[in-house]
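Notes to accompany the following structure.
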Amino acid sequence: MATGQCLLAATSNGVYRISPNGTATALSTANAMAILPSGNGFYCGEMDGVYYYEPGKKPAKVSDAEKVTKIIKDKNGIIWLQNLYGRIWNNEKGSFGIQTKNGEREEMATLVIYNDQPTMITANTTDPFPYPLFSYTDQDGVLWLTNSQGKGLYALQNGSKDNLLDKLVYPLMDHTFRALLRDGNKIWLGGSNGIYVVDAAVKDPTSDIKQKVSFRSVIINDDSLAWGGFSELPDNLLFQSDERQIKISYSADYPSLLLPTQYRYRINGGRWSGWDFDTFTKYNNQPYGKYEFEVQARDAFGNISETIRINFEIEVPIYLRWYMQVLYLLLFALLIYATVLWRMRRLRKEKLRLESIVQERTAEVVKQKDEIEEKSKSLENALTELGETQNELVRQEKMATMGKLTQGLIDRILNPLNYINNFSKLSEGLVHDVTVNIEEEKEHMNPENYEDTVDMLGMLQGNLQKVCEHGANTTRTLKAMEEMLKDRSGGIVNMDLTALIKQNEEMLGKYYEKDITACHIKTVFHYPGTPVRINGNPEQLSRTFMSLLGNAIYAVAKKTQRTTTPYVPEVDLTITPGDHHVEILIRDNGIGIEETIMHKIFDPFFTTKTTGEASGVGLYLAREIVQNYGGDITAKSTKNEYTEFSIILPIDNGYGETN
């Protein structure tokens, strides 16, 4: 690194100052991997950290960053460090701290000054350029980069490659470089093979000469020369069917000592091969047919030659030619024809014998089949009716049993519970009044008695609030039990399901306007093109749909509060009419339901919400209402992904309007 009229060199034996007359003076003895002149001294990256050297003073350790290979200073005076393992530090906050990208520590990065700003390029970066093992910005603002192996050096200026500078260093594309210094027209390059100097003022006379590539020979089966290059190349080389191993040799004029000539090839206009130094291409067991082989050469300055071509053909063997294939086909057809004729004669006789047997058996089988189908239909109808009757009896028995157990208890519990709730609220008011009185008498009371009394009144106030809270929860549960015992068999009318759900859509937007707006919930309703007529109680069905939609709003709102990743909450309702039934599908992408409790969600008084949020009878009542109309409701869910309820109702089953 140049400083004034001297050059600072970081070596494994330390830092040396090289004067213009070539004299080298050791400034340090430790293994130096990177240096940066600053003020009267310089920063030096060593094995155990970064040190600042100043004449006449002891080296000061400024960072514990080990094996630092790059030290740069940006236009704001901030010093940046990069070590051998791709970790980045800077002293923007006064001390050297490790840097991150997008909030996460990167495992591998390189530090590049791009557009006058330090830029961290990771191993997965492709924009504005791929990850380089080495980078350097010269005094003209030109950014010099290598590939991830430290080879293929190229220049980047104003966001695009500088073709003129690229051409100067192109002959060194296979060399690995870890240091670069541009001094006027001279570019100093340091790598594992030594130091190279590229002088832009000296032009290589061969740099603009376009190479010409020529074919040298064509060898078949590794031992026969089909064409040796001493005569004019034929328009088409013809090989026998057993000459399928072909080796084509070629070469170019004006070879360079800097970089061997590279070649690439393709056959029949396919994709070009990669560039390599081989001067021949070999094909083994090449298929029969006609081919066009093409070759290009690239010299040490990246100039690509004209494309040369050679045409050759491998003859198809006699036994695979078209007329032989036609003959094979004819012989095969004759054989099949003879076999078919012989087989047909035998089958004709067998057919006549079997036809008589089949006719007799068919008559018997048809008769037995008709009898079995008739009995099977009768049995299926009987089983269906029996199953429906059994399910209805079980459901009615459950309701009757629950009614007997709870009938009369609700009123007996509600009356004293109302007294508890009312007197607890009155007691809260009395406690408040006593607290006010004590505050007025504070000056006349012993301080210890005053503090004990205030503490006890506070505890009493908290206890009364808990009594009110649990009393309200108990009242809600009893009201839910009372709702379960109501008779829901009446009020059935012939109604338009589509119109009812459209009303529910409006109600949903009003009742949950706050949650929908706060959480940006997307509600989507899909309606059929024609009305869907069913028999049911509109009020009960409306409560059922609103209960399920309310649960969906709750689920997506909870997920919105918990998630930290981008998330679009959505509630969908789709009506799909069929021939005899209609399906109402309600789906949300909220918190979902755990698989271990899916079998309990329709049980009475079971809920995943808190006691203050729900009583746990919503889904139970929804299923009872749907089953009263001959339908059913099912659910499926995946935790933290979605929940989906499917309601099946019969379409206009002929009940008409009923009170």
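The values are calculated or read from the model by the stated rules, or taken from the named source; none is laboratory data. This one's a predicted model, so the numbers in the text were calculated from it and none came from an experiment. Glycine also receives a Cβ, built like all others from the backbone with ideal geometry; neighbour counts cover every protein chain displayed. Only protein heavy atoms, including side chains, enter the accessible area calculation; ligands, DNA and RNA are left aside. Shrake-Rupley method; radii C 1.70, N 1.55, O 1.52, S 1.80 Å.
Here are a few things to note about the model shown:
- Pair list, Cβ under 8 Å, 6 or more apart: the range 77-97 residue acidic (Asp, Glu), other residue in a loop (DSSP other than H, G, I, E, B): GLU92/ILE78
- One residue stands out in the range 272-291 among those that are polar (S, T, N, Q) and exposed (fewer than 12 other Cβ atoms within 10 Å of the Cβ): the one that is nearest to LEU320 (Cα to Cα), namely ASN285.
- Test for GLU306: is it surrounded by fewer than 16 Cβ atoms within 10 Å (Cβ to Cβ), farther than 30 Å from ASP166 by Cβ and in contact (Cβ under 8 Å) with a residue 12 or more places away in the chain: no
- Test: residue in the range 87-95 that is out of contact with any Phe, Trp or Tyr (no Cβ under 9 Å at 6 or more places or on another chain), at pLDDT 85 or above and either of a type in the set (Phe, Trp, Tyr) or not in a strand (DSSP E or B) (or both): yes
- Scoring GLY41 on the criteria (1) within 25 Å of LEU111 (Cβ to Cβ); (2) open to solvent by 60 Å² or more (accessible area, probe 1.4 Å); (3) not β-branched (Val, Ile, Thr) leaves a single failure, condition (2).
- Here the strands (runs of 3 or more DSSP E) wholly within the range 142-217 that include at least 1 residues being free of Cβ contacts under 8 Å to residues at least 60 places away in the same chain and within 42 Å of the chain's Cα centre (by Cα) are 143-145, 154-157, 177-183, 186-191.
- Filtering the range 55-85 to residues that are more than 21 Å from GLY14 (Cβ to Cβ), of a type in the set (D, E, K, R) and open to solvent by less than 40 Å² (accessible area, probe 1.4 Å) leaves only ASP74.
- Of the residues making up the range 620-654, those that are touching a residue at least 40 places away in the same chain (Cβ under 8 Å) and in a strand (DSSP E or B) are ALA635, SER637, THR638, TYR642, THR643, GLU644, PHE645, SER646, ILE647, ILE648, LEU649, PRO650.
- Residue within the range 420-431 that is in contact with a Gly (Cβ under 6 Å, 6 or more places away or on another chain) and either surrounded by 13 or more Cβ atoms within 10 Å (Cβ to Cβ) or modelled with pLDDT of 75 or more (or both) present: yes
- GLU483 at pLDDT 75 or above, over 42 Å from the mean Cα position of the chain (by Cα) and either part of a loop (DSSP other than H, G, I, E, B) or of a type outside the set (Val, Ile, Thr) (or both): no
- Residues within the range 448-469 that are of a type in the set (Ser, Thr, Tyr) and open to solvent by 60 Å² or more (accessible area, probe 1.4 Å), tallied: 0
One line per residue, one yes/no per condition, for (1) at pLDDT below 90; (2) within 30 Å of LYS247 (Cα to Cα); (3) of a type in the set (Asp, Glu); (4) out of contact with any Lys or Arg (no Cβ under 9 Å at 6 or more places or on another chain):
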{"position": "LYS290", "(1), (2), (3), (4)": "no, yes, no, yes"}
{"position": "ASP299", "(1), (2), (3), (4)": "yes, yes, yes, no"}
{"position": "ILE308", "(1), (2), (3), (4)": "no, yes, no, no"}
{"position": "MET324", "(1), (2), (3), (4)": "yes, no, no, yes"}
{"position": "ALA382", "(1), (2), (3), (4)": "yes, no, no, yes"}
{"position": "THR389", "(1), (2), (3), (4)": "yes, no, no, yes"}
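- Of the residues GLU232, GLU243, the single one that is among the acidic types (Asp, Glu), surrounded by 14 or more Cβ atoms within 10 Å (Cβ to Cβ) and assigned to a loop (DSSP other than H, G, I, E, B) is GLU243.
- Filtered by the rule that a residue be assigned to a strand (DSSP E or B) and under 15 Å from LEU156 (Cβ atoms), the range 106-141 gives THR110, VAL112, ILE113, TYR114, GLN117, THR119, ILE121, SER135, TYR136, THR137.
- Just one of (1) assigned to a loop (DSSP other than H, G, I, E, B); (2) of a type in the set (S, T, N, Q); (3) modelled with pLDDT of 85 or more fails for GLN82. It is (1).
- One residue stands out among those in the range 120-145 that are of a type in the set (Ser, Thr, Tyr) and under 16 Å from ILE72 (Cα atoms): the one that is surrounded by the most Cβ atoms within 10 Å (Cβ to Cβ), which is TYR136.
- Any hit, the range 253-267, residues being under 49 Å from the mean Cα position of the chain (by Cα) and closer than 27 Å to TYR319 by Cβ: yes
Yes or no, residue by residue, for (1) open to solvent by 100 Å² or more (accessible area, probe 1.4 Å); (2) at pLDDT below 90; (3) not in a helix (DSSP H, G or I):
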position	(1), (2), (3)
LEU329	yes, no, no
ILE336	no, no, no
THR339	no, no, no
ARG353	yes, yes, no
SER356	no, yes, no
VAL365	no, yes, no
ASP370	no, yes, no
LEU379	yes, yes, no
GLU385	yes, yes, no
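- Selection over the range 498-541 of residues that are more than 40 Å from the chain's Cα centre (by Cα) and surrounded by 14 or more Cβ atoms within 10 Å (Cβ to Cβ) gives a count of 10.
- Inside the range 244-279, residues that are free of Cβ contacts under 8 Å to residues at least 24 places away in the same chain and of a type in the set (Lys, Arg) make up a count of 1.
- Residue ID - least open to solvent (accessible area, probe 1.4 Å), chosen from residues in the range 542-590 that are touching a Lys or Arg at 6+ places or on another chain (Cβ under 9 Å), of a type outside the set (A, V, I, L, M) and over 23 Å from ARG623 (Cβ atoms): PRO569
- Selection within the range 7-52 - in a strand (DSSP E or B), farther than 18 Å from ILE71 by Cβ and in contact with a Ser or Thr (Cβ under 9 Å, 6 or more places away or on another chain): ILE18, THR25
- Answer from GLN117, GLN99 - the residue that is exposed (fewer than 11 other Cβ atoms within 10 Å of the Cβ), at pLDDT below 85 and closer than 22 Å to SER38 by Cβ: GLN117
- PHE293, sole failed condition from (1) closer than 30 Å to LEU172 by Cβ; (2) hydrophobic (A, V, I, L, M, F, W, C); (3) under 46 Å from the mean Cα position of the chain (by Cα): (1)
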